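Notes follow the structure.
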Amino acid sequence: MGDDKRKTVISGMVTLAVLALVLALVFRGQGREILQCLYAVPVSGLLKLLLLGLSCPLLEAAALWVALRPQMPGVTLGQTVTASFLGIFGNVATMGAGSIPLQSWYLSRHGLLPGVGVGMMTLCYALQKTTVLIYATGMLILQGAWLRSSAMDLSRYILLGYIVCAVIILALILLCTWEKVQRLALWGIGKLPDTGKWQKRKAEWSKNIEALRTQSKALLAHRGRCGAVMLLYAGKYGLLYTISYCSISLLSHAELSFWQVQLLSSVMVLIANAIPNVGGVGPAEFAFTLLYAPYLGAAGAASAMLLYRMASYFFPFLVSIFFFLLFRRLVRKPDRR
C-alpha cells in the first residue's frame, strides 16, 4: 500500500498544481474584483448550491443501477452511489486513469466479474458522452440563432468537440464489443507462461475478457435500458447546467435566462470534452470563462466559474474521500465471493 499511497499523493499534487496554474491565469489582474463578488454571495445560497452539486453523482448512481441490474440483480442503489463517488475520487486522485478500475474493483467485491465491471463502466461512460452530444445538439437547434447573434465564433470549438466526442464513443464501444479486439487480447494472454500461478491467472483473465464482450453487447442490445440510462444522464447534465445558472444568479447577474445558460453550459461541456485535461482540471475552467465572459465580464465569469466548480467538482471530491475510506475498509476484509 505504500507505493499506492505515494502514487495517489503524487497524482493529487500534480492535479492541484495544474489547478493552481489554471486559477492563476484566470485570476490574473482580477483577484480583488473576484473576491468582492464572492463576498457578496449569501451563505445560505452557497449551501444550496453545494447540495445541488451532490445531485449529479446521485443521478449517475441511478444510471449505474439501471445499467447493472441484469448482471447484478441484487445490486443496491447504495452500492452504485459508492461506485459513483469512487469514480469521482479516482478521476481526481489518479488524474483520470484509475476511475473505471477503482469502480470495477469495488463492484467485484460484491460479486461482479472485473471484466464485466470494466465493460459496464466503459459503456456507461460512452453513453454519457452520447448524452452530452445529444443535449448540446438539442440546445443548439432550439437556440442556435441567439448564440450566433452574440458575434462569438465558436464553430471551430463546437466542431472539434463533436469530432472528439464521436471518436471517443466509437472507440469505447468497439473496445467493449469488437471480437477482433478481444481475440487479440486472448492471443496475448495465451503467450504467457503456463506454469505456477500463471495458469490460474490466464484462465481468470480470459474469463473476464469474454464476459466483457458478451455483457457489453447484451447492454447495447437492450435499447430500452440504454434509453433509460441516457435519460438519467440527461437529468444529470440538466442539473449540472442548472448549477451554472444558480452560480450566476448568486452573483446577481440577470443578463442570461435559464435556457440561455443551459445552451452555453452544454456547449461548454462539449468543448471541455475535446481538450486534454489532468484529473478534470483545465478545460472546464477555460471553456466556462470563454463562453460567459462576453455576458458577465471577465471578473463576473471567473467568479461564477469558481462557484460552479466548487459545487460540481471540489465539493463532490471532498465527499468522495469518505467513500474511498469506506472502500479501503472493505478491501481489508476477506472477499465475499
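The values are calculated or read from the model by the stated rules, or taken from the named source; none is laboratory data. Keep in mind that this is a model prediction, so the values were computed, not measured. Backbone-built Cβ (ideal geometry, glycine too); neighbour counts: all protein chains shown. We work out accessible area using only protein heavy atoms, side chains counted, and drop any ligands, DNA or RNA first. Shrake-Rupley method; radii C 1.70, N 1.55, O 1.52, S 1.80 Å.
What to note about this one:
- Residue within segment 241-263 that is assigned to a helix (DSSP H, G or I) and of a type in the set (Asp, Glu) present: no
- Checked against the criteria, ALA145 counts as over 20 Å from the mean Cα position of the chain (by Cα) and assigned to a helix (DSSP H, G or I).
- Across segment 85-127, the qualifying residues are those that are in a loop (DSSP other than H, G, I, E, B) and touching a Ser or Thr at 6+ places or on another chain (Cβ under 6 Å), and the one among them that is least open to solvent (accessible area, probe 1.4 Å) is THR94.
- A count restricted to segment 143-153 and to residues that are closer than 21 Å to CYS165 by Cα and open to solvent by 70 Å² or more (accessible area, probe 1.4 Å) stands at 1.
- Qualifying residue in segment 274-282 (condition: open to solvent by less than 30 Å² (accessible area, probe 1.4 Å) and either in a helix (DSSP H, G or I) or modelled with pLDDT of 80 or more (or both)): no
- In summary, ALA166 fulfils each of the numbered conditions (1) assigned to a helix (DSSP H, G or I); (2) open to solvent by less than 30 Å² (accessible area, probe 1.4 Å); (3) among the hydrophobic types (A, V, I, L, M, F, W, C); (4) under 29 Å from ARG69 (Cβ atoms) with the single exception of condition (2).
- Residues (open to solvent by 50 Å² or more (accessible area, probe 1.4 Å) and touching a residue at least 12 places away in the same chain (Cβ under 8 Å)) located in segment 47-57: LYS48
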